[in-house]
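The values are calculated or read from the model by the stated rules, or taken from the named source; none is laboratory data. In this text the structure is predicted, and so the values were computed from the model without any measurement. Ideal geometry is used to build each Cβ from the backbone, glycine not excepted, and the neighbour counts take in all protein chains shown.
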Amino acid sequence: MKRFKELATRKRAVRLAVLLGVALLVTAGLAAAAWAESPQPWQIGMQPPATPVKDRITAFHNELLVIIFLIAGLVMGLLGYVIIRFNHRRNPVPSHTSHNPVIEVIWTVVPVLILVVIAIPSFKLMYYMDRVPNPAMTIKVTGHQWYWSYEYPDYKDLAFDSNIIQDADLKPGQKRLLDVDNPLVVPVHTNVRVLVTSTDVIHSWFIPSFGVQEYAIIGRLNESWFNVDHEGTYYGECNQICGINHAFMPIKIVAVSKDKFQQWIADAQKKFAHNDSGHRLRVAAVTPPAGN
């Protein structure tokens with residue numbers, strides 16, 4: 001019997017060690033994914049913040065999680081108390097009380113106070129996201145079916161189109177459905193104003209790690225802004241259902257140092273020079289990747 005007990009104890013210890021090892025590996029993988037500059041397979045949670053706006057959004061999200069857990073815990077505690085205290089065994093003769101002014105006032109006032117506590121930082125965040133603090137440069141984003149156009153009005157009207165790279169043309173290291181032929185390039189530590197519009201239907205210029213989601217509407221210029229904290233490559237998508245190829249107009253932004261950005265501007269002005277008629281050549285609307 002002792003032998004069997006020892007064997008059972010060892011098996012349990014081995015199982016526990018295996019479970020702990022798996023848990024550590026999963027935690028390490030999630031931590032690595034959390035700090036990646038691009039979406040990762042099986043990533044959980046939001047992408048790490050790359051701008052002050054996204055940093056405040058993440059902080060506000062975490063505060064709301066605490067409030068929600070406290071509310072859920074309070075409700076669960078009250079339900080448990082009611083189930084135990086007022087079950088039919090302990091109260092064979094039910095109470096005929098129909099009103100309790102104190103309780104009714106409490107469950108009306110407390111939710112209002114909670115909403116006020118949430119509303120104050122929410123409005124502050126909304127105003128912070130809306131106002132562009134002293135922009136150093138401007139970028140105009142135009143949505144088309146189904147690609148993006150980018151213009152740099154501060155640099156002799158530099159403009160180009162950005163199309164998805166088809167599956168057959170992907171190179172090693174490029175991300176399917178996310179990489180484009182001409183990414184948007186911006187300098188770090190710079191307040192960038194973004195003007196967003198459309199030429200056909202409603203699109204949405206959405207970059208999760210920037211905390212920017214601005215609708216592209218025909219005949220209207222919507223404004224947003226960002227200031228990238230560190231160099232890297234960031235991805236987004238049009239998350240507005242804009243037609244049959246809605247899933248195939250990604251956004252790729254490359255944030256570089258200010259010196260590298262000036263060098264890129266010089267090269268880009270030569271690469272995307274206007275043609276003789278004064279208009280840049282547009283790329284035809286893309287077709288969905290094969291197999292989709």
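Among the conditions (1) modelled with pLDDT of 90 or more; (2) closer than 27 Å to residue 219 by Cβ, residue 80 misses just one, which is (2). Out of 23, 72, one residue alone is assigned to a helix (DSSP H, G or I), at pLDDT below 55 and surrounded by 10 or more Cβ atoms within 10 Å (Cβ to Cβ). It is 23.
Residue by residue, here is whether (1) outside any strand (DSSP E or B); (2) modelled with pLDDT of 95 or more; (3) surrounded by fewer than 19 Cβ atoms within 10 Å (Cβ to Cβ) holds:
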| site | (1), (2), (3) |
| --- | --- |
| 195 | no, yes, yes |
| 229 | yes, no, yes |
| 233 | no, no, yes |
| 243 | yes, no, yes |
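Among residues that are outside the structural domain of residue 64 (by TED's automatic domain parsing) and not in a loop (DSSP other than H, G, I, E, B), residue 224 is included. In the set (1) modelled with pLDDT of 90 or more; (2) assigned to a loop (DSSP other than H, G, I, E, B), residue 286 fails one condition alone, (1). Residues that are assigned to a helix (DSSP H, G or I), farther than 30 Å from residue 190 by Cα and β-branched (Val, Ile, Thr) within the range 92-129 comprise 102, 103, 105, 106, 108, 109, 110, 112, 114, 116, 117, 118, listed in sequence order.
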